[in-house]
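**Student:** The structure under discussion is supplied below as structure tokens; questions concerning it will follow.
The values are calculated or read from the model by the stated rules, or taken from the named source; none is laboratory data. From a predicted model like this one, the values you see are computed outputs, not experimental measurements. Positions of Cβ are generated from backbone atoms using ideal geometry, with glycine treated the same way; all protein chains shown enter the neighbour counts.
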Amino acid sequence: MVQFDNQYRQVKVKIVYYGPAMGGKTTCLQYIHKATDPQHRSRLYSLNTASDRTLFFDLMSLDLGRIRGFRLALQLYTVPGQVQYNATRRAVLSGADGVVFVADSQEVQREPNRESLANLWENLAANGLDRGQMPLVFQYNKRDLSPLLSIEQMDADLNDRKVQAFPSIATEGKGVMEAFRAITEATLLAVADKLGVGSNPQALKQLRHRVQTVLAPFAGESSEGSPEEELAVLTSEATAGTSHLGKDALVQEAVRANVAMTDLNVRLDEMGRQLERKAEILSGIARFGQAVTLEREPEGVLQRLIDAVVELLDLSAAAALVVPGSGQLRAAVTHGVDTDPLLTTADEVGEALALGILEERRPQRFGVEMEESENPLVSEVLKASGFTSCLAAPLIAGDRVAGLLTGYVAGKRRPLDENDLQLAAVLAASAGVAYSNAMAWRRLEDLNRGLESQVTARTRELQKALDEMEAMAADLEKKNALLDNAYRELAKIDHVKNELVTRISSELKEPVSSLMMAARVLLEGEGHDSQATERLIQVVFKEAEKLGEIIENLFQTSILAASQRAPELRSIAVQEFVREVLGPLRELADARKVRLHIKVATGLDELSCEPDTAAAALRAVIRNAIQFSPPGSDVDVELRRFRTEAGPWVAVRVRDRGPGIPVDELPHVTEALWRGTAAVAGQQPGIGLGLTIADRVMASHGGRLAIESPPGQGTTVTMAWPQ
Ligand SMILES: Nc1nc2c(ncn2[C@@H]2O[C@H](COP(=O)(O)OP(=O)(O)O)[C@@H](O)[C@H]2O)c(=O)[nH]1
Ligand SMILES: [Mg+2]
């Protein structure tokens, strides 16, 4: 009797394997158990005592998918065949929706077969079931043994309703699945009304299809591997004891309790399996979430998504589609297919479909034979690409859809269900966030790279500008220093000039007033003797000489100013140069009774200089020498050439036998307007510019002025400059 279990949203359909003891019923269930998909069935429970093989019954449950929101469970039972267990048989048979009668084909079992069938009719009646309506098939088992009853004989003995009968060898699995499929179909058809699909031929077709897809791959195949450990043996001594008492009511109660217990066990096992799978999925989701969050490459995110869905959903194919700037969908990562079937099949239909799903922003699922499938286009796509069902889940990141995850199954794999879809949606959602993060990360990196290169370029420009500015500053500093120097020199010269004007005007007063006086005396001079007249004329000479000296000083001042600029060099004959220098000095030397000796090195005929300034410089040096020479001494002037690394130089050495320059005064002798103590004490004429001029002129010629004055040995001044 079809049972709806609202608490677990399950509907149970019950098929009982009936027949004589040792006919092969348990063997049949064992074979079916082995041959069906482990995903879709429970363990095989054998409820018996420790000593007896089938004291009570065997039970297994097959999952046929969902029907109107309920899980459809097909429950298979055996009964104990022994005569004394009739109460158990009756109890197990209660609520049966279909029966397989397993008869033993051996001749010796003819009578037990007939007795067992009669017992079946009896017990059906006892359970209020109509023997004429009960879905029923026969299995004539043990066809491998002999002597055998013929099929006709067995039909005549047992099959008066002329239902389907299958010769079988249960130990080898022959005929077992054929009989099982026949009873399943007959039973489901009979209960279709109760399941609520009886009036809908399409739904009925789908139900039959489902039975076939669960059973078809296994029918006739002998399964490898030994699921023996899955056979649960539930031993129950207590109930065995009560059955011996033969008290029908008690036994029936015990069986019902056992059935309930076994049923509960089935459900617990099923729940355990589901929990295990859910835990597996959850840890898969967690692993995926963790890995995908750390992924920096957008393609890496998509690849991880595909790997995860293929593994967790056991998919045949999958693809991650993205919507790049062009707006056209592109399969970025695929598994099991070259490109997404939606994008390759049915012309543009597939892409339109995918875009439609993207727009709707909710996961969807399609199948070739789906009761709720309203989209015939997807079915077309699936058929064309050889898949049985598919799902699509959008990759959503915030308010944007970044792409679409598609998954496909084919072949033996059961069609994708609502759980698969939800799992795919969860994975796609977290991949969507990770994908858009990775994209943002990539854009940020690109931006950074751009900024970096801009910064580098700007830094280079700035550095260049800075370098230029620094160079300019350094240049400016140099120019400033030069200007400063020039300014200081100018200031000095200005000072010298003012000083000169003061000194010269004071020096001019005396000779001019002397001259005036001499001239006046001479004018009024009637009665002067010739001696007085000569004295007056000598005064005029002396004062005129002083005036000449002052004029020379003025000339020296002009030379000092001239030495500030670059000299106009020219070649001049040494003879001419010497004449130029000495001309004005002859008289001074004669007056001071100093002998001048000029020595020119052989071969030195010409020299290069600025004639005016160079001659004035040398003249100043020689004038000094004469002025400081004691009367009757010699002044030697020597001109010669010498070589330096830079080229030929000329040197002029002037030596006197005067008192020399004290050591502490030596550093000052080239300072403008500086006059040594000897000059001041000796009332020497001059304004202290001689050596200053010589020094400046040598500097402007790129040459040098050297002064040696060892105590008591006179002074030697050397002027040297390049040629
Ligand atoms: N040779 C042969 N032995 C079989 C066949 N089916 C079952 N058996 C054996 O018969 C014995 C009883 O089988 P079992 O399934 O326990 O019978 P049950 O009492 O109806 O459940 C076992 O030893 C089986 O191996 C068959 O088709 N051929
Ligand atoms: Mg048995």
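Residues checked against (1) free of Cβ contacts under 8 Å to residues at least 40 places away in the same chain; (2) not aliphatic (A, V, I, L, M):
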position: Ala392; (1), (2): no, no
position: Leu395; (1), (2): no, no
position: Asp399; (1), (2): yes, yes
position: Leu405; (1), (2): no, no
position: Val409; (1), (2): no, no
position: Lys412; (1), (2): no, yes
position: Asp420; (1), (2): no, yes
position: Ala424; (1), (2): no, no
position: Ala428; (1), (2): no, no
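**Student:** A follow-up question, please. Going through segment 1-52 one residue at a time, which ones are farther than 17 Å from Ala170 by Cα, away from ligand 2 (no atom under 16 Å from the Cβ) and either in a loop (DSSP other than H, G, I, E, B) or among the acidic types (Asp, Glu) (or both)?
**Tutor:** Once the filter is applied, which keeps residues that are farther than 17 Å from Ala170 by Cα, away from ligand 2 (no atom under 16 Å from the Cβ) and either in a loop (DSSP other than H, G, I, E, B) or among the acidic types (Asp, Glu) (or both), segment 1-52 yields Met1, Val2, Asp5, Asn6, Gln7, Tyr8, Arg9, Asp37, Ser42, Arg43.
**Student:** From (1) assigned to a loop (DSSP other than H, G, I, E, B); (2) crowded, with 19+ Cβ neighbours inside 10 Å; (3) within 16 Å of ligand 1 (Cβ to nearest atom), pick out the condition that doesn't hold for Pro112.
**Tutor:** Condition (1) is where Pro112 drops out.
**Student:** Restricting to segment 387-414, give me the number of residues that are surrounded by fewer than 19 Cβ atoms within 10 Å (Cβ to Cβ), assigned to a loop (DSSP other than H, G, I, E, B) and either assigned by TED's automatic domain parsing to the domain that holds Gln39 or touching a helix residue (DSSP H, G or I) at 6+ places or on another chain (Cβ under 9 Å) (or both).
**Tutor:** 4
**Student:** Okay, moving on. Suppose we filter Val455, Val539 for residues that are in a helix (DSSP H, G or I), β-branched (Val, Ile, Thr), outside the structural domain of Leu395 (by TED's automatic domain parsing) and in contact (Cβ under 8 Å) with a residue 24 or more places away in the chain; which single one remains? Steps first, answer last, please.
**Tutor:** On the way: Val455 fails: in contact (Cβ under 8 Å) with a residue 24 or more places away in the chain.
None of the others qualify; the one that does is Val539.
**Student:** If a residue has to be more than 17 Å from Val266 (Cβ to Cβ) and within 16 Å of ligand 2 (Cβ to nearest atom) to count, how many in segment 57-114 make the cut?
**Tutor:** 21
**Student:** Still on this model: Given the criterion away from ligand 1 (no atom under 15 Å from the Cβ) and either within 60 Å of the chain's Cα centre (by Cα) or under 29 Å from Pro415 (Cβ atoms) (or both), identify the matching residue among Val100, Val2. Give the derivation first.
**Tutor:** Details: Val100 fails: away from ligand 1 (no atom under 15 Å from the Cβ).
The match here is Val2.
**Student:** While we're on this one: Has segment 594-609 got any residue that is among the polar types (S, T, N, Q) and under 20 Å from Thr718 (Cβ atoms)? Explain how you work it out, then say what you get.
**Tutor:** In the first step, residues of segment 594-609 are kept if they are among the polar types (S, T, N, Q); the result is 602, 608.
Filter once more, so that each one left must be under 20 Å from Thr718 (Cβ atoms): 602, 608.
Among the residues of segment 594-609, at least one is among the polar types (S, T, N, Q) and under 20 Å from Thr718 (Cβ atoms), which makes the answer yes.
**Student:** Identify all residues within segment 135-164 that are outside any loop (DSSP other than H, G, I, E, B) and either away from ligand 1 (no atom under 15 Å from the Cβ) or under 17 Å from Tyr31 (Cα atoms) (or both); write none if there are none.
**Tutor:** Going through segment 135-164, the residues outside any loop (DSSP other than H, G, I, E, B) turn out to be 136-141, 148, 151-158.
Once the filter is applied, which keeps residues that are outside any loop (DSSP other than H, G, I, E, B) and either away from ligand 1 (no atom under 15 Å from the Cβ) or under 17 Å from Tyr31 (Cα atoms) (or both), segment 135-164 yields Leu136, Val137, Phe138, Gln139, Tyr140, Asn141, Glu152, Gln153, Asp155, Ala156, Asp157, Leu158.
**Student:** Given Ala434, Ala474, Ala438, which one is outside any strand (DSSP E or B), at pLDDT 90 or above, outside the structural domain of His335 (by TED's automatic domain parsing) and over 30 Å from Leu207 (Cα atoms)?
**Tutor:** Working: Ala434 fails: outside the structural domain of His335 (by TED's automatic domain parsing); Ala438 fails: outside the structural domain of His335 (by TED's automatic domain parsing).
So the residue among Ala434, Ala474, Ala438 that is outside any strand (DSSP E or B), at pLDDT 90 or above, outside the structural domain of His335 (by TED's automatic domain parsing) and over 30 Å from Leu207 (Cα atoms) is Ala474.
**Student:** Looking at (1) of a type in the set (Gly, Ala, Ser); (2) within 12 Å of ligand 1 (Cβ to nearest atom); (3) at pLDDT below 90, can you tell me which one Gly24 breaks?
**Tutor:** Checking Gly24 against (1) of a type in the set (Gly, Ala, Ser); (2) within 12 Å of ligand 1 (Cβ to nearest atom); (3) at pLDDT below 90, the one that fails is (3).
**Student:** Would you be able to tell me the number of residues in segment 419-462 that are more than 20 Å from Ala397 (Cβ to Cβ) and in contact with a helix residue (DSSP H, G or I) (Cβ under 9 Å, 6 or more places away or on another chain)?
**Tutor:** Qualifying residue count, segment 419-462: 2.
**Student:** Counting only residues that are surrounded by fewer than 20 Cβ atoms within 10 Å (Cβ to Cβ) and over 19 Å from Gly128 (Cα atoms), how many does segment 70-101 have?
**Tutor:** 5
To keep it simple, each residue is scored yes or no on (1) surrounded by fewer than 17 Cβ atoms within 10 Å (Cβ to Cβ); (2) part of a helix (DSSP H, G or I); (3) touching a Ser or Thr at 6+ places or on another chain (Cβ under 7 Å).
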| position | (1), (2), (3) |
| --- | --- |
| Val578 | no, yes, no |
| Gly583 | yes, yes, no |
| Leu588 | no, yes, no |
| Leu596 | no, no, no |
| Leu604 | yes, no, no |
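**Student:** Let me confirm something: among Ser506, Ser571, Ser514, Ser563, which residue is surrounded by 13 or more Cβ atoms within 10 Å (Cβ to Cβ) and either touching a Ser or Thr at 6+ places or on another chain (Cβ under 9 Å) or modelled with pLDDT under 75 (or both)? Talk me through it step by step, then tell me what you get.
**Tutor:** Details: Ser506 fails: surrounded by 13 or more Cβ atoms within 10 Å (Cβ to Cβ); Ser571 fails: surrounded by 13 or more Cβ atoms within 10 Å (Cβ to Cβ); Ser514 fails: either touching a Ser or Thr at 6+ places or on another chain (Cβ under 9 Å) or modelled with pLDDT under 75 (or both).
Being surrounded by 13 or more Cβ atoms within 10 Å (Cβ to Cβ) and either touching a Ser or Thr at 6+ places or on another chain (Cβ under 9 Å) or modelled with pLDDT under 75 (or both) holds for just one of Ser506, Ser571, Ser514, Ser563, which is Ser563.
**Student:** Which ones in segment 610-626 are over 13 Å from Gly714 (Cβ atoms) and free of Cβ contacts under 8 Å to residues at least 60 places away in the same chain?
**Tutor:** Residues of segment 610-626 that are over 13 Å from Gly714 (Cβ atoms), as a first pass: 610-623.
Within segment 610-626, Pro611, Asp612, Ala615, Arg619, Ile622 qualify.
**Student:** Next question. Give segment 77-109 a look and list any residue that's under 20 Å from Ser61 (Cα atoms), modelled with pLDDT of 95 or more and either part of a strand (DSSP E or B) or hydroxyl-bearing (Ser, Thr, Tyr) (or both), or say none.
**Tutor:** Gly98, Val99, Val100, Phe101, Val102 - these are the residues of segment 77-109 that are under 20 Å from Ser61 (Cα atoms), modelled with pLDDT of 95 or more and either part of a strand (DSSP E or B) or hydroxyl-bearing (Ser, Thr, Tyr) (or both).
**Student:** While we're looking at this one, here's another question. Go through the residues of segment 368-379 one by one and say whether even a single one is crowded, with 18+ Cβ neighbours inside 10 Å, at pLDDT below 90 and in contact with a strand residue (DSSP E or B) (Cβ under 6 Å, 6 or more places away or on another chain).
**Tutor:** yes
**Student:** Say whether the condition of being more than 16 Å from Thr184 (Cα to Cα), crowded, with 21+ Cβ neighbours inside 10 Å, more than 10 Å from ligand 1 (Cβ to nearest atom) and at pLDDT 85 or above is met by at least one residue in segment 35-56.
**Tutor:** Yes: one or more hits.
**Student:** Here is a follow-up. Just to be sure I understand the filter: pairs with C-beta atoms under 6 Å, separated by 6 or more residues or on different chains, first member in segment 143-155 and over 10 Å from Arg110 (Cα atoms) and assigned by TED's automatic domain parsing to the domain that holds Glu111, second member more than 16 Å from ligand 2 (Cβ to nearest atom) and part of a helix (DSSP H, G or I). Which pairs pass?
**Tutor:** Every condition considered, the pairs that remain are Pro147/Glu107.
**Student:** On the given criteria, is Lys479 modelled with pLDDT under 80 and either assigned to a helix (DSSP H, G or I) or not acidic (Asp, Glu) (or both)? Spell out how you get there, then give the answer.
**Tutor:** On the way: modelled with pLDDT under 80: no; either assigned to a helix (DSSP H, G or I) or not acidic (Asp, Glu) (or both): yes.
It is false that Lys479 is modelled with pLDDT under 80 and either assigned to a helix (DSSP H, G or I) or not acidic (Asp, Glu) (or both).
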